[in-house]
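Below is one structure, written out as structure tokens; comments come after it.
Here, each number is a calculation from the coordinates, and none is a lab measurement. Fair warning: this is a prediction, and the values are worked out from it, not measured in the lab. Glycine gets a Cβ as well: all are built from the backbone with ideal geometry, and neighbour counts include every protein chain shown.
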């Protein structure tokens, strides 16, 4: 991959002749935060990325795409590479590492990911909210879903499907690493 996610966001912003202040006005996100997103390749949650994508008039996956493929798109396990690492506030190791399973399919309507999660302090968890839906299957370990005011722990083989407009977060539970498959849908 030639550019990281932050560089791609900056390129789309500059292509539209938008300043950071313009993007801040469109997203409701602080200019300082947006500057950090563009200069670093780590993010606190998908919520801000969704807001940035919408403000720029692109799909979230546009920030990950670097080539166009033919159908069907096949992603071999050995070919997966980390696309983004999201850090809990102040965290040294990434809390979530995302592997795009749809990168290269430019006409997609869903964002499929394999996600590895490291344990994090519950105090660092930030709830996210965005339009759309999410479907998740736990592959290994345990994960905790906070959905509104409810918290639920799921184990390997369990799945969940929810409306992502409700404030939510998902993290490794039980002090151990976990991994999931997640498919996110963002309406046009």
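Numbers below:
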| quantity | calculated |
| --- | --- |
| Over the chain, relative contact order from alpha-carbon pairs under 8 Å, at least 6 apart, % | 18 |
| Gaussian network model of the chain, springs between alpha carbon atoms under 10 Å - residue of 145, 73, 154 with greatest fluctuation | 73 |
| Full-stretch length increase - residue 78, residue 156 - with 0.36 nm per residue and alpha-carbon distance subtracted | 25.9 nm |
| Cβ-Cβ FRET estimate between residue 40 and residue 121, R0 fixed at 25 Å, reported to 0.05 | 0.75 |
| Relative contact order computed over the stretch 77-185 (Cα-Cα under 8 Å; 6+ residues apart), in percent | 29 |
| Degrees separating the helix 46-56 axis from the principal Cα axis of the chain, which is the longest one | 20 |
| The chain: antiparallel DSSP beta bridges as a percent of all, rounded to 5 | 95 |
| Extension gain from residue 110 to residue 11, taking 0.36 nm per residue of separation minus the Cα-Cα distance | 33.4 nm |
| Max mean-square fluctuation residue, GNM over the chain, Cα-Cα springs under 10 Å, options 147, 161, 99 | 161 |
| Contour excess over end-to-end distance, with Cα ends at residue 54 and residue 22 and 0.36 nm allotted per residue | 10.2 nm |
| Crossing angle, helix 5-15 versus the chain [Cα axis fit, 0-90 degrees, rounded to tens] | 30 |
